[in-house]
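Each reported figure results from applying straightforward, stated rules to the coordinates on display, with no laboratory input. None of the values given here were measured: they were computed from a predicted structure. Using ideal geometry, Cβ is built from the backbone for each residue, glycine included, and neighbour counts are taken over all protein chains shown.
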Amino acid sequence: MRQMFKTSEIITYRDGKLNIFGFDANKKYGYEENFEDKTMSLSEAMKNAGIDKIELPESVKTQLEQAETGFIVICGENPQRVKNTTNRKSLIEKFALHPQARRWIARMPMMLLFDDETHPFSLPAQKITPKEGFEKIEILQVPDFLEWEGKAVNFTDKNYSWAGKLTLKTSNDPLRGKLDVLNTIDFIGEVGVIGSYRIHELGQSRFSGQTDFIYGECECPILEDPEMDSVKNDREKLISNERSDALIAWVREQVEALAEKMELKNTREKKQQDLKNTSIFNDMLNDWKN
C-alpha cells in the first residue's frame, strides 16, 4: 500500500463499526477524520466502501446481513508499477501468476471485476500437468542445521521447533515464455510468500535443460525470526545472511538432485531408443543382404 500507490486506505466494517485507515501522498498514515469506530448501518458502510453495487454471492450477503462477518476493502490510487500493463487480459495474467497471489488462488475462491462491472467472474487456478515419471511430489524436510562457510547454521531453536520443508513439483511442459514465472521456488512465511527465486537465480545447474520443468515452495518459519530477520519489505527476495544463504544453497542442491534424476531418465530412454533404432537398421541390412 505504501510503496506501490500514491495514496491508499483500508476500510473495515464489523459489528456495526466502520474504520478507514490509510497513507496520504506524503506517506503519513492514520485514521481518516471521523472514521474511527464510526457506528453505521451495513448499507451505509458498503456505500462508503464503494462496494454497494457489487453482486455478492447469496451466502456472503446473508452472513453480512446477519452480522456473522464483516468486510475489508483495500483501496490504492495512482499505482506506480503498471507502465507495462497494456490491457485487461495481461493484467489478469500477471495477477494470476504473481508469486504473492498464486498460493491464495490455488486455495481460495477468487473473483474479479473491472471498472463499473457489478457481476464478478471466477479466477481459475493455474493447472500444471506433472512430468511423466515424476508425478509424485517430492517433500523434503529442512535439516535442523546446515553447514555454511565452515559454520553450523541452526534452523530450529526454542521458538521455532520445526525447521520446515521443501516441496518440489514437475511440469510436463517446460516453464518458459509467459509461464517462466512459475519456474520458481517460493519461500513461505507464516501467512504467505516472503521471497521468490527463479530456478536459475538459485545458482548455475549442470542440468539446466531439466530445471525448466521444476517448481516448488519452501516453508521455513525461522526465516522470520526477528533476531536474524530474512524478510525484506517488498517480499521479493530474502535478506542475505548466513541463514538465508545456507537455505538457498541447500534448496539448489535438492533441485539439482531432482534435475539429475530427470536427466538420467532421459539418457536411459534415449539409449533404449537408440538400441531399438539400431536393431531396426540391422534387420534392414540383413534383408538387403539376403
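General remarks:
- Residue list for the stretch 110-120, filter: hydrophobic (A, V, I, L, M, F, W, C) and surrounded by 12 or more Cβ atoms within 10 Å (Cβ to Cβ): MET110, MET111, LEU112, LEU113
- Residue in the stretch 247-262 that is crowded, with 16+ Cβ neighbours inside 10 Å and in a strand (DSSP E or B) present: no
- Residue, surrounded by the fewest Cβ atoms within 10 Å (Cβ to Cβ), within the stretch 154-171, restricted to residues that are hydrophobic (A, V, I, L, M, F, W, C) and part of a loop (DSSP other than H, G, I, E, B): TRP162
- The condition of being touching a helix residue (DSSP H, G or I) at 6+ places or on another chain (Cβ under 9 Å) and either loosely packed, with under 15 Cβ neighbours inside 10 Å or in contact (Cβ under 8 Å) with a residue 24 or more places away in the chain (or both) holds for only one of ILE74, ILE54, that being ILE54.
- Test: ASP234 is surrounded by 15 or more Cβ atoms within 10 Å (Cβ to Cβ), touching a residue at least 40 places away in the same chain (Cβ under 8 Å), out of contact with any helix residue (DSSP H, G or I) (no Cβ under 8 Å at 6 or more places or on another chain) and more than 17 Å from TRP162 (Cα to Cα): no
- Complete set of residues in the stretch 189-220 that are in a loop (DSSP other than H, G, I, E, B) and within 18 Å of LYS131 (Cβ to Cβ): SER205, PHE207, ASP212, PHE213
- Residues that are of a type in the set (A, V, I, L, M, F, W, C), farther than 14 Å from VAL181 by Cα and assigned to a loop (DSSP other than H, G, I, E, B) do not occur anywhere in the stretch 87-104.
- Residue within the stretch 12-30 that is outside any loop (DSSP other than H, G, I, E, B) and touching a residue at least 60 places away in the same chain (Cβ under 8 Å) present: yes
- Residues located in the stretch 172-188, provided they are in a loop (DSSP other than H, G, I, E, B) and surrounded by fewer than 18 Cβ atoms within 10 Å (Cβ to Cβ): ASN172, ASP173, PRO174, ARG176
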